[in-house]
Structure formats: C-alpha cells, structure tokens
Amino acid sequence: MKIQTSIRRTAVASALAAAGLMAAPTPAHACGGGWWPEPDVDYRIQGVARAERQLDEGDYAAAAGAVVRMIPHIKNYEGTSRDPIVNRALRVLAVATARADGRLEVARELPRALHDTWLGEDEEAQQTNLNWAVATLQHATETDRDDVMLQSELALAMSRTDDRRVEGRRKLEALAARDLLTSPEAYAELAAQRHDEGDATGHTAALERCRAMADEAAVCRAHG
C-alpha cells in the first residue's frame, strides 16, 4: 500500500511538472517517498533587516551577533559581494564594529567558535576589527560615492584606527563643514577629537549637533 501510494504521488507530481503546474523552486523528499515542492525562502533578508534595526537602536552587539550567526564566514569577503544581502550585512557589521570602537560584546550572542577577534579583547584585536571595518566601508563607498551616510561611517571608522586616524579626522571635519555628517556617533567622535586637541569651541559645537540628532543622551558623552 505504501509503495502504491508513493508511486501515485510520484506520478501526480510528474504529471503536474510536465504540465507546468508545479513551479516550486526547490524539491524536498517527503516521508512517503514522493517529491514535494519546498519554497525557497532566504531567511537572511529578515535577519539583516532586524540587524539594521538593532544597529539604529544602538544595540551593536545584537546587530553584529545576528550578522555573524547568519554568515559565519563574513570576514572572508573582500570588499563587496555580488549578493546585495551580503553587502547589507557587511555594512551593518562594519558600522557596528566602528561605533563599538572595535570591541563588540558578543560573548552571549555567539558560540565561542565564532568569537574570532570580534570581542576586541586586546588592542591588537581591536585594531584588527577596526581596520576590517574601514576596508569594508571603503569598498562600499567605491560603488556608491554619493551615499553621505556611508561617508560619515567611514570617517568615524578611520578616525578610530591607529594608521588612519589623521585621515579620518580630516574627513570628519570636511563633512561637518558641509553639514554632511549624518549620525550623532560621528559628531560625538568629532567632539572627542576636538577636545583632545584643545578646541573647546569646536568641541561644544560638535556636542550640540550630536545632542540635536541623538535619541539617547549617552551617545553624546561629554569629554572634559
């Protein structure tokens, strides 16, 4: 009886396929022995959208953890991918890494095997993470030079690396002069750098812009 049922199911499926009535993208083997359609669902789409919301909410660990869980090999991508979902994920992870200053609190978000350098447990690991973020964002800007939000995030990431700090500071100042810094985090970084250089007036001005943009006062932490 089971064999006959299986044969009938297979025959029906074959007939439907021949008639063009089965348009399912991926077949799956059912318990009865027949082949049944299985929808192609890319769960990364919802996952990346959720990570983007978490990034906007300032939950960098959750955003980064979600991306690495979905794409554990994400560090293997050099620059950009042909897959737009991967590019969105790369951007989320790079921005979260830069804003967290290379130290992502993902110990609870990821199994130990996926920790890599993301926790930023020492200066070397933090710089590794930040340099990766800079390279990733820089590649993204090469394909979308008019994205001022991307330019702001790149300037922030650069300013937190050892090797490109000066370049990042100049980029922050250039964007601020044209009123093109697009995040409170970027203004907070600019305020910090102006404070460190003794520019009290500039420091106060950058903090005021930060506070005008931020939902959370903690983003615009005062310096000095």
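The values are calculated or read from the model by the stated rules, or taken from the named source; none is laboratory data. Every value quoted in this text rests on a predicted model; they were computed, and no experiment measured them. Here the Cβ positions follow ideal geometry from the backbone for every residue, glycine too, while neighbour counts run over all protein chains shown. The area values use the complete protein model at the heavy-atom level, side chains included, leaving out ligands, DNA and RNA. Shrake-Rupley method; radii C 1.70, N 1.55, O 1.52, S 1.80 Å.
A few notes on this one:
- To put it simply, the accessible area of region 36-119 at a 1.4 Å probe is 47 percent carbon and sulfur.
- Surface accessible to a 1.4 Å probe, per residue, for the residues of region 102-203, Å²: 52
- For region 56-142, the Stokes-Einstein estimate of translational diffusion at 10 °C and a viscosity of 1.306 mPa s comes to 126 µm²/s, using the Kirkwood hydrodynamic radius over alpha-carbon pairs.
- If only the Cβ of Lys and Arg carry +1 and only the Cβ of Asp and Glu carry -1, the dipole of region 139-224 around its Cα centre is close to 240 debye.
- With only the Cα atoms considered, region 112-180 has a convex hull volume of 89 Å³ per residue.
- Eigenvalues of the alpha-carbon gyration tensor of region 172-224, scaled by 5 and square-rooted, set the equivalent ellipsoid semi-axes at 15, 14, 8 angstrom, largest first.
- Shape annotation for region 73-224: C-alpha extents along the principal axes are 46, 33, 30 Å, from largest to smallest.
- Ordering 114, 138, 200 by the projection of their Cα atoms onto the charge dipole of region 104-224, which places +1 on the Cβ of Lys and Arg and -1 on the Cβ of Asp and Glu, puts 200 at the extreme positive end.
- In Hz, Karplus ³J(HN,Hα) per residue of region 55-70 (6.51, -1.76, 1.60; θ = phi - 60°; x = Gly, Pro): 5, 4, 7, x, 8, 5, 5, 5, 5, 5, x, 4, 5, 5, 5, 6
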